[in-house]
Amino acid sequence: MNAKKADKFATGVLYAISGVIVLILAALLLYILIRGIPHISWDFLTKPSKAYQAGGGIGIQLFNSLYLLLITMLISFPISLGAGIYLSEYAKKNWVTDVIRTSIEILSSLPSVVVGLFGFLIFVVQMGYGFSIISGALALTFFNLPLLTRNVEESLKAVHYTQREAGLSLGLSRWETVMKVVVPEALPGILTGVILSSGRIFGEAAALIYTAGQSAPALDFSNWNPLSVSSPISIFRQAETLAVHIWKINTEGTMPDGAAVSAGASAVLILVVLLFNFGARFIGNRLYKRMTSA
């Protein structure tokens, strides 16, 4: 009986701790959403921001965040996929593999502000890209690689070894087995990790302050010259993102309605990150059911 009572008590304590954590998170989210949602409108989501006047929006910052996310994923996903396949399918247990894994762990533990300063010194100063989308995307690639690489590796390892044996027994080479059997089977897990890492990138601010810049030049959506600073597709222009915009509003205090804009932008940021998280679960489950006929 004493053992049963101790078990129930320990279980109750764990449930209580979990409940407190969930309540704190829910209270924080509700506080941000209740303050911000009343300020969200179509004009707020599409109009450009204003520095010294009331009534500004977050249109350019929202576009910059999505575009920077796209460029970052185009750079980081192929590298992470290749690294994950190597570590899962080809890497032998030796000192080279140990160095790679240690490097990934060290990279994942770096604060984002350190990654931003590294990006500032290398991409902004040494390589001469200046404050630009490409500088921010390259810095966020270093920030995103450990998470994506680990996700791809674990997703591939979760595929049962009999799938590999079946592919090899049919005469497929090892590379063909990986690309035509293992990777498609691991696709739901990989896609879930990609979407979750996208939400992490979308909300990043510290690394982008030093690389992508803190200004949002006016964009001409009829200009498709990739070398023009007013072109929306240019990767060499400064790009203040939504998270950096929130930080800037609260530090400079030059907007008459800065509190309202900050609250609305924070709510939009939270909603987009929640959309990424719930979307990852939904798409992952749908893909898993379709590919496994569950």
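Descriptive notes on the structure:
- When each of 126, 53, 163 is tested for being of a type in the set (S, T, N, Q) and surrounded by 13 or more Cβ atoms within 10 Å (Cβ to Cβ), the lone residue that passes is 163.
- Filter result (among the hydrophobic types (A, V, I, L, M, F, W, C) and in contact (Cβ under 8 Å) with a residue 60 or more places away in the chain) within region 213-232: 216, 218, 219
- Selection within region 147-181 - among the β-branched types (Val, Ile, Thr) and not in a helix (DSSP H, G or I): 159
- Against the test of being free of Cβ contacts under 8 Å to residues at least 24 places away in the same chain, open to solvent by less than 60 Å² (accessible area, probe 1.4 Å) and assigned to a helix (DSSP H, G or I), the options 119, 36, 82 yield a single qualifying residue, 82.
- Any chance residue 95 is among the aromatic types (Phe, Trp, Tyr) and modelled with pLDDT under 85: yes
- Residue that is nearest to residue 56 (Cα to Cα) [pool: residues in region 209-231 that are within 21 Å of the chain's Cα centre (by Cα) and open to solvent by less than 10 Å² (accessible area, probe 1.4 Å)]: 213
- In a residue-by-residue description of region 238-256, the property of being more than 25 Å from the chain's Cα centre (by Cα), in a helix (DSSP H, G or I) and loosely packed, with under 14 Cβ neighbours inside 10 Å applies to at least one position.
- Annotation: of all residues in region 103-116 being open to solvent by less than 80 Å² (accessible area, probe 1.4 Å) and among the hydroxyl-bearing types (Ser, Thr, Tyr), the one that is farthest from residue 212 (Cα to Cα) is 103.
- Here residue 259 fulfils each of the conditions (1) of a type in the set (A, V, I, L, M); (2) in a loop (DSSP other than H, G, I, E, B); (3) surrounded by fewer than 15 Cβ atoms within 10 Å (Cβ to Cβ) apart from (2).
- Of all residues making up region 194-226, the number that are under 17 Å from residue 137 (Cβ atoms) and of a type in the set (A, V, I, L, M): 9
- For region 91-102, the criterion of being surrounded by fewer than 20 Cβ atoms within 10 Å (Cβ to Cβ) and in contact (Cβ under 8 Å) with a residue 40 or more places away in the chain is satisfied by no residue at all.
- Filter result for residue 144 (open to solvent by less than 20 Å² (accessible area, probe 1.4 Å) and assigned to a helix (DSSP H, G or I)): yes
The values are calculated or read from the model by the stated rules, or taken from the named source; none is laboratory data. For clarity, every value in this text was computed on a predicted model and none was experimentally measured. Backbone-built Cβ (ideal geometry, glycine too); neighbour counts: all protein chains shown. Remember, those area values only see protein heavy atoms, side chains included, never the ligands or the DNA or RNA. Shrake-Rupley method; radii C 1.70, N 1.55, O 1.52, S 1.80 Å.
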